[in-house]
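Beneath this line is the structure, given in C-alpha cells, with notes to follow.
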Amino acid sequence: MDHVTDRMEPTMTSRAQVLPRVTRIGAPARNSSVPTRSHSPAPAPGLSSLGLLTVLLGAALPMVDFFIVNVALPTIDRDLHAGPAVLEMVVAGYGVAYAVLLVLGGRLGDMFGRRNLFLWGLGLFAVTSLACGVAPSAWTLVAARVAQGAASALLLPQALATIQSATSGGARGKALSYYGATAGIASVVGQVLGGVLVSADIAGSGWRAIFLVNVPVAAVALALALKSVPETRSAHPARIDKPGTVLLAVTLITLLLPLTEGRAAGWPLWSWVLLAVFPLAAAAFVAVERRGERDGGNPLIPPSLLRIHSVRSGLLLIVPFCLGFGGFMFVVAVAMQDGLRFGALEAGAALAPLCAAFFAASLLGPRMVARFGRDVVTAGSLVQGVGLVALAATFHYGGTGLSIAELAPSMAVIGFGQGFVLPVVLRIVLSEVPAAQAGVGSGAMATTQQSSLALGVATLGTLFLTLSGSIGVRDALVWALVAQLAAVVATVALSTRLPRRVV
C-alpha cells in the first residue's frame, strides 16, 4: 500500500535546502524503478507540516462555500429579489458544477501536476468568489456560483491526492484523519461564519461578505502553497476519458438538477424528462467504463478501483451519511430562521455546539480507531441517531419559542457522533488506493461526497419545504429529522462492512 508509484517532481529541492528545519511528514521512499529526469533521481519531497496545513486550508474553502450560503438566502432574496427557484439555483448551481467536474479535476492533477492544478484552483476560486460578491443581479450570482463550483472541482482533488502521494505509513493515516476532520468542521463553520458575516454587515456589504472573504484567504493559501506544497503527478498519467466524462456529467445533472429545482419550479415537464434519462445515463456510464478498462483504455473511474474493499465499502457508507448531513444543515438553517425567527447570527451560533463537539470527536478519532477499528464508525452513527431523536423531541415539545441554549445539548450529541464517522470513513476510502491512482481515487471519493450532500439538500430539503406549507415549520422539521434517521440506520448497517482494522 505504501509503495509509491508516482513520479514526484523535485520542484521543492532547492527550497528544502534553504529551510532544513522544516519537519517532513511521511516522505515516501524513492522507487528506483520509476522513470525520472536524471540517472540519479533525488529523493521525492514529502509533505511538510506547513504544506499539510496549506492543502487542508485549500480543501476547506470549497466545503465552506457549499454551506455558507444557507443562512444568507433570506438576505439575498430581499436584496436581489431572487424568488424561490433562483435561490435554489444559487445553491444547486454550485453543487452540481462541483460534483460533475470533481473526477475530471483529479485526472487533470494526475496529468499536469497536483501542485500546479492546486495553484490554478486557488486562483480561480478567488476570482469566482469575487464575481459572486459583486454580482449585480440574481442570475449573475447563479452564473458566478456555477463558475465557483467548477473552480472548487479543480482545487479539492489536488489536496487529497497530494496527501495520498506525498505521505506514507502512519503519517498518511493521520493526515487523512485531519482531512476528514476538516471536511466536517468546515461544513459547520461555513454556516456559523455565514451568520456572523451577514449580521456584521461589514461596510454595508451584507451577504456579499460571505463570498468576498474568500479572496484574501485564497491569496494567503496561494502564497503558502508556492512555498510549501511539493509537486506530484502520476508516473503514467492517463488520457482524459471523454465519453466517460460526458456520461458522468449527464448522469449527475439529470439526477441533481430536477431534484433541486423541480419543487420551486412547480415540477415542469423538463424535470420529469431529466429524471427519466438519469437511469439510462447511469447505465451507459457503467457500461462505457467497464468496456474501457476491459479494452485497456483509461476509464474516468476504473471499475477495478471499486473492487478494493476499503474503497467500495467506504463509498457506500458515504452516500447515506452525507445525504443526511447535507439535508440536515440546509433544513435546520431554514427552520431556525423561518420557524424560530432567528437572525442570521443566531442561526449560525446555534450550530456552534455541533461544531465544537465534532472537533472534539475528530481529535479523539485516530486514537479510538487504532484501538477499536470500524466499531468507532458504528458507535458514532448510533450517537448521531440519539442526537437526532433528541433534537426532534426538542422541537416537537418546545415549539417555536426555543432558545439557542435549549438546542445546544442535542446539537452537541449530533456533532459528537458525526465526528466519529466522517473523518474515519474518508480515511478508510483512500487507505488502500495506489499512489498512482491518487487523483482518480480522490476525485471519486469527493464526487460521491459532494453528490450525496447535494442530493440530501434536494430530497430532505424538498420534503421539509413541501410539508412546511401545510403542517408548519416545526412539524415539517420533525418529519425531516425522522426521515434522516433512515439514513442513520443505513450508515449503521453499512459500517459493519468496512474493513475491521483501519490502517
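The values are calculated or read from the model by the stated rules, or taken from the named source; none is laboratory data. Every value quoted in this text rests on a predicted model; they were computed, and no experiment measured them. Glycine also receives a Cβ, built like all others from the backbone with ideal geometry; neighbour counts cover every protein chain displayed.
Report the residue count in the range 148-171 for those that are over 20 Å from G93 (Cα atoms), part of a helix (DSSP H, G or I) and at pLDDT 80 or above. Talk me through it step by step, then tell me what you get.
Here is the first cut: in the range 148-171, the residues over 20 Å from G93 (Cα atoms) are 158-171.
Keeping just the survivors that are part of a helix (DSSP H, G or I) gives 158-166, 169-171.
Next, only the ones that are at pLDDT 80 or above stay: 158-166, 171.
Of the residues in the range 148-171, 10 are over 20 Å from G93 (Cα atoms), part of a helix (DSSP H, G or I) and at pLDDT 80 or above.
Among the numbered criteria (1) in a loop (DSSP other than H, G, I, E, B); (2) farther than 30 Å from Q164 by Cβ; (3) at pLDDT 85 or above; (4) in contact with a helix residue (DSSP H, G or I) (Cβ under 6 Å, 6 or more places away or on another chain), which one does L259 miss?
Every condition holds for L259 apart from (1).
Has the range 362-382 got at least one residue that is out of contact with any Asp or Glu (no Cβ under 7 Å at 6 or more places or on another chain) and closer than 26 Å to D338 by Cα? Walk me through how you get there before you give the answer.
Keep residues of the range 362-382 that are out of contact with any Asp or Glu (no Cβ under 7 Å at 6 or more places or on another chain), which gives 362-382.
Checking the rest, the ones that are also closer than 26 Å to D338 by Cα come to none.
Checked the range 362-382: no residue is out of contact with any Asp or Glu (no Cβ under 7 Å at 6 or more places or on another chain) and closer than 26 Å to D338 by Cα.
Could you please let me know if R371 is closer than 26 Å to V489 by Cβ, free of Cβ contacts under 8 Å to residues at least 12 places away in the same chain and not aromatic (F, W, Y)?
yes
Of the residues E406, E432, which single one is modelled with pLDDT of 85 or more and touching a Ser or Thr at 6+ places or on another chain (Cβ under 8 Å)?
E406
Answer with yes or no whether G195 is under 15 Å from the mean Cα position of the chain (by Cα) and crowded, with 24+ Cβ neighbours inside 10 Å.
Spelling it out, it is not the case that G195 is under 15 Å from the mean Cα position of the chain (by Cα) and crowded, with 24+ Cβ neighbours inside 10 Å.
Taking the condition closer than 26 Å to G348 by Cα, surrounded by fewer than 24 Cβ atoms within 10 Å (Cβ to Cβ), in contact (Cβ under 8 Å) with a residue 12 or more places away in the chain and not hydrophobic (A, V, I, L, M, F, W, C), does S137 pass?
Answer is yes for this residue.
Considering each of A223, A209, A219 in turn, give the residue that is closer than 24 Å to C355 by Cβ and either part of a helix (DSSP H, G or I) or not charged (D, E, K, R) (or both).
A209
Sort out which residues of the range 420-451 are among the small types (G, A, S) and more than 20 Å from T496 (Cβ to Cβ), and write them in order of number.
A435, A436, A438, G439, G441, S442, G443, A444, A446, S451
May I ask you to list the residues in the range 282-327 that are under 30 Å from V383 (Cα atoms), of a type in the set (A, V, I, L, M, F, W, C) and more than 19 Å from the chain's Cα centre (by Cα)?
L306, I308
Which is more than 30 Å from E261 (Cβ to Cβ) and among the basic types (K, R), of R497, R474?
From the options R497, R474, the qualifying one is R497.
Return yes when A29 is surrounded by fewer than 19 Cβ atoms within 10 Å (Cβ to Cβ), assigned to a helix (DSSP H, G or I), over 18 Å from the mean Cα position of the chain (by Cα) and at pLDDT below 85 and no when it is not.
Details: surrounded by fewer than 19 Cβ atoms within 10 Å (Cβ to Cβ): yes; assigned to a helix (DSSP H, G or I): no; over 18 Å from the mean Cα position of the chain (by Cα): yes; at pLDDT below 85: yes.
No: the conditions fail for A29.
Could you grab me the full set of residues in the range 58-96 that are among the small types (G, A, S), in contact with a Ser or Thr (Cβ under 8 Å, 6 or more places away or on another chain) and more than 15 Å from A264 (Cα to Cα)? Working first, answer last.
Of the range 58-96, the ones among the small types (G, A, S) are 58-60, 72, 82-83, 85, 92-93, 95.
Checking which are in contact with a Ser or Thr (Cβ under 8 Å, 6 or more places away or on another chain) leaves us with 59-60, 92, 95.
If the condition is that a residue be among the small types (G, A, S), in contact with a Ser or Thr (Cβ under 8 Å, 6 or more places away or on another chain) and more than 15 Å from A264 (Cα to Cα), then A59, A60, G95 are the ones that fit.
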